[in-house]
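Colleague: Here it is, the structure in full.
The values are calculated or read from the model by the stated rules, or taken from the named source; none is laboratory data. Note that the coordinates shown come from a computational prediction; the quantities given were computed from them, not determined experimentally. Don't worry about glycine lacking a Cβ; one is built from the backbone with ideal geometry, like all the others, and counts go over all protein chains shown.
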């Protein structure tokens, strides 16, 4: 593996991010994603990222609050013929929900 900074890798990472966050558009129309770290192999790209946005639409059943959110996460995508064929990821969804005022109880 190598840390990547070439234009092709950044373009591919942006595509993977768009696929990962396309459903957040109505809830966070100003959502931005910053790639903090990017690593790639011949078939895989892994990235750590930070998202920022403002809650202007319903999200996870929570009405718009106007609150800003920031969360970190990571995504790994495997490509075949320039298409994502597998994707794994994790983000701080609990942190986002808490920032929006959700009442979360254990269990």
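Colleague: Please find, within the stretch 78-97, the residue that is nearest to residue 60 (Cα to Cα) out of those that are out of contact with any strand residue (DSSP E or B) (no Cβ under 6 Å at 6 or more places or on another chain) and assigned to a loop (DSSP other than H, G, I, E, B).
Modeller: By that ranking, first place goes to 82.
Colleague: Now, a different point. Those residues that are at pLDDT 90 or above and crowded, with 19+ Cβ neighbours inside 10 Å, I need them from the stretch 60-79; list them, please.
Modeller: 69, 73
Colleague: Quick check: anything in the stretch 28-35 modelled with pLDDT of 90 or more, on the phi < 0 side of the Ramachandran plot and surrounded by 14 or more Cβ atoms within 10 Å (Cβ to Cβ)?
Modeller: yes
Colleague: Identify the residue in the stretch 34-73 that is in contact with a helix residue (DSSP H, G or I) (Cβ under 7 Å, 6 or more places away or on another chain) and in a loop (DSSP other than H, G, I, E, B) and, among all such residues, is farthest from residue 86 (Cα to Cα).
Modeller: 67
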